[in-house]
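Below you'll find the structure, written out as structure tokens, and then a few comments.
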Amino acid sequence: MKKIIIIISHFIVVFALIIGIGCIPKKQNTSNKGFDGVLEEGVTIKVLENDIAREQGYFKELLEAFNEAYAEYGIEAVDANMDESSDLINDGPYGYGPDVLYQANDLIMTYVDGRHILPISKDLINDSELINENAWKAFARTIDGTDYNFAVPVNVQTPLLYYRKDLLDQYLPNWRTELDDNKDGICDIFQNMNDMYAFAKDFKEKNPGKYAFVCATNESYFMMGYLFSYGAYVFGDNDTNPDDIGVSSGEAYKGLNVIRQLSGVMPEGVTDGSIIQPAYGNLAKGIYFSTVTTPDVYTMFVTQLQNEFGKDVNVDDYLGAVTLPSLPVSGDLTEENPELTDHVTMGGVHGYCISSYTESPDASLAFVNFATNYDMIKRRNELLGISPARTDVAEAVGGLSEIVNKELEDGNIYIMPSISAVKQLWTPMSSLFIDMSTDAFREIKGQAVKYAKEFERVAALEKAAKQIYDAIHTLQ
């Protein structure tokens, strides 16, 4: 009897150890199951959304609307209650991951290689033809000669310039006659970065402690566009070849010069990101006249303007937004009457994908179709200020949504590469941009500078390219 007890005790200890060291088998990957058109009934779908959608109440509305529409099937969608950056690669195999995820293309597409998400054919998506074709490309991958889509586009992201519309006439009372060369009713500082630079330089000198143009130079997402505008790219072969690093290609060094010059008219905090959170309030207070950020944080400006001017404030009277001004072909912001080139900005596409570990693929697909229908995307725009990937919604709401879609169609938005190697881009480039921006403050303080000469900027880009290449091929 004692022997039996001892044996049982040993089994209990071993089983406890197995659990403790995480050796319980992973959940079977069901990526070969796909969709069969039969809606699973009486199931619960866990959905991962972003934090802003939760905070602004959109996600709650979406869940309630879907659950009402599918109540007859006993299907319920719930908040996955996970951080918006949760990693399906680590969560999914153990059954902890969500069924449906809303994330950016560069993150979603890292799930493809391990078959962590299901391919979604366009013909399974309602109104797929009304979604911007370039947005679809962000989630496309060719595997063994076959083209697949792995998510449904929702929101096009790209940096925009937000400014205090009501202060323009105060700061530039004669802009209609002196700063509207093409007589289109738009001030030239919003169309020509040389004019913006001249205005911001003069503004800083006349208004101590205030700034006309502010952008976090440590954010590679915002800064990469200055390189793209002069011929740089991330990876070769349409961003599929990580052996070819193109950040130093073309005349990208000119973009670094623009960053260096612009930094001199901004607060020193742009180099460490300390201006990012205060930017919304500083714009509302008039400390900043303009700042650069993405459309999905529009509600942050609204909140701060309401804090400053009251809950009933008409935000449109105070807040304007435009695409980033064109850049000088020469790369010199001090040049008068410059030849201009379009400002190509880095962008991304957020969308919904479906976990290959879900036990309810067709119910999950039903949720994705519901969440990307006209009414829900329009509502998402109203509450969150997103730029819809659906062209019909973008056209209906007009304004920036329509402009961003046109920029995407015209090729002025460079979509983040959708391969896992892109994660090695950010640290080397951020370090370079910080150092380049800091150089402007070294010069202001009379300290030794590092990048005043063209060959120094060329060498800095080539060094960053090598760091990216080495990181990709040694750390992956």
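The values are calculated or read from the model by the stated rules, or taken from the named source; none is laboratory data. Given the structure is predicted, the values throughout are model-derived calculations rather than measurements. Glycine also receives a Cβ, built like all others from the backbone with ideal geometry; neighbour counts cover every protein chain displayed. The accessibility values were calculated without ligands, DNA or RNA, using every heavy atom of the protein model including side chains. Shrake-Rupley method; radii C 1.70, N 1.55, O 1.52, S 1.80 Å.
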In region 389-476, which GluC sites (Glu not before Pro) are in a loop and have at most 13 other Cβ atoms within 10 Å, using DSSP for the loop call? none
Output the pairs from Lys210/Lys463; Lys137/Lys183; Lys137/Lys378; Lys46/Lys137 with a Cα-Cα distance over 30 Å in this structure; if there are none, say none. Lys210/Lys463; Lys137/Lys183
Sequence-separation-based contact order of the chain, relative, with Cα cut under 8 Å and 6+ spacing, percent: 24 percent
Would you be so kind as to identify which of Pro242, Asn218, Ala232 lies farthest towards the positive end of the dipole of region 200-250, taking Lys and Arg as +1 and Asp and Glu as -1 on Cβ and the Cα centre as origin? Asn218
Distance in nm between label sites at Arg379 and Lys210, each 7 Å beyond Cα in the beta-carbon direction? 4.1 nm
About the Cα centre, and with charges only on the beta carbon of Lys, Arg (+1) and Asp, Glu (-1), how big is the dipole of region 130-230? Nearest 20 debye, please. 320 debye
Ignoring ligands, DNA and RNA, what percent of the 1.4 Å accessible area of the chain is carbon and sulfur? 50 percent
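Would you please name the chymotrypsin sites (Phe, Trp or Tyr not before Pro) within region 261-338 that are DSSP coil residues with at most 10 other C-beta atoms within 10 Å of their C-beta?
The qualifying sites: there are none.
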Probe 1.4 Å, all chains present, heavy atoms only: Asp106 accessible area in Å², nearest 10, is 30 Å²
Above 44 angstrom, tally the Cα pairs of the chain and express them as a % of all pairs, no decimals. 20 percent
Phi angles of region 169-175, converted by Karplus (6.51 cos²θ - 1.76 cosθ + 1.60, θ = phi - 60°) into ³J(HN,Hα) in whole Hz with x for Gly and Pro, give 5, 5, 7, 10, x, 9, 5
Rounded if a/c is under 1.5, else prolate if a/b is larger than b/c, else oblate: which is region 30-72, with a ≥ b ≥ c the root eigenvalues of its Cα gyration tensor? oblate
Integer Hz, Karplus 6.51/-1.76/1.60 couplings in order for region 260-270, x for Gly and Pro: 4, 5, 4, 4, x, 9, 10, x, 5, x, 5
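Rounded to the nearest 20 debye, what is the charge dipole size of the chain about its Cα centre when +1 sits on each Lys and Arg Cβ and -1 on each Asp and Glu Cβ? If you can, show how the numbers build up before the last one.
Details: 37 positive and 70 negative charges, 378 e Å.
It comes to approximately 1820 debye.
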Which far-off residues, 5 or more places away or on another chain, put their amide H under 5 Å from the one on Thr341, with H placed in the peptide plane? Leu327, Val329
May I ask what percent, to the nearest 5, of DSSP beta bridges between residues of the chain are antiparallel? 70 percent
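Kindly report the accessible area of the chain per residue (heavy atoms of protein chains, probe 1.4 Å, no ligands, DNA or RNA), in Å².
45 Å²
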